[in-house]
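**Student:** Sharing a structure here in structure tokens format.
The values are calculated or read from the model by the stated rules, or taken from the named source; none is laboratory data. All of these numbers come straight from a predicted model, not from anything done at the bench. Cβ coordinates were reconstructed from backbone atoms using ideal geometry, including for glycine residues, and neighbour counts include every protein chain displayed.
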Amino acid sequence: MKNVIVLVFLVSIFYKANAQNSISVADTIVTGSVEKNYPGGFKAFNIYVEKNARPPVIAYENRKVGTTYVSFIIEPDGSISNIYTILAAGSGMDEEVIRVINDSKSWLPTKLDNKLVRTFCRAGVQFFADFDKKSMWVEAKQID
């Protein structure tokens, strides 16, 4: 009986050790940054945001400005998934940031042990306005 208990115990330890080594690389998530994971770095990301983000009319009409922070996953193929607002600015700005990030293409996934893995990333987009000159613009905000 003792031998059976010891054998079951050893098998369970061996199974747990093997299970830890069999974690799928696709399930691995590491932390990345816009600077490191966007082709051309933060400067290129900011240019993309400036060209593609459209300040919401409702924000301008309500004289609202602010910064929206989002988090998202860069998949091993460079696509974006799981975009969530971390800090909301409201007045349609959050939805616009999500749209622009979702439309961005070909991010650079992170390599871990020479395998591409999912990367957790955060970004900030700030909406500015000069209401006297009737203009509103957008810039990416670098966060570490």
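**Student:** From the list ILE13, ILE5, which one is under 29 Å from VAL117 (Cα atoms), in a helix (DSSP H, G or I) and either modelled with pLDDT under 95 or basic (Lys, Arg) (or both)?
**Tutor:** Residue meeting the stated conditions: ILE13.
**Student:** Looking at segment 54-68, is at least one residue of a type in the set (Phe, Trp, Tyr), surrounded by fewer than 14 Cβ atoms within 10 Å (Cβ to Cβ) and modelled with pLDDT under 95?
**Tutor:** No, because not a single residue in segment 54-68 is of a type in the set (Phe, Trp, Tyr), surrounded by fewer than 14 Cβ atoms within 10 Å (Cβ to Cβ) and modelled with pLDDT under 95.
**Student:** Which of the residues spanning segment 82-112 are at positive phi and free of Cβ contacts under 8 Å to residues at least 24 places away in the same chain?
**Tutor:** Result: ASN82, single match.
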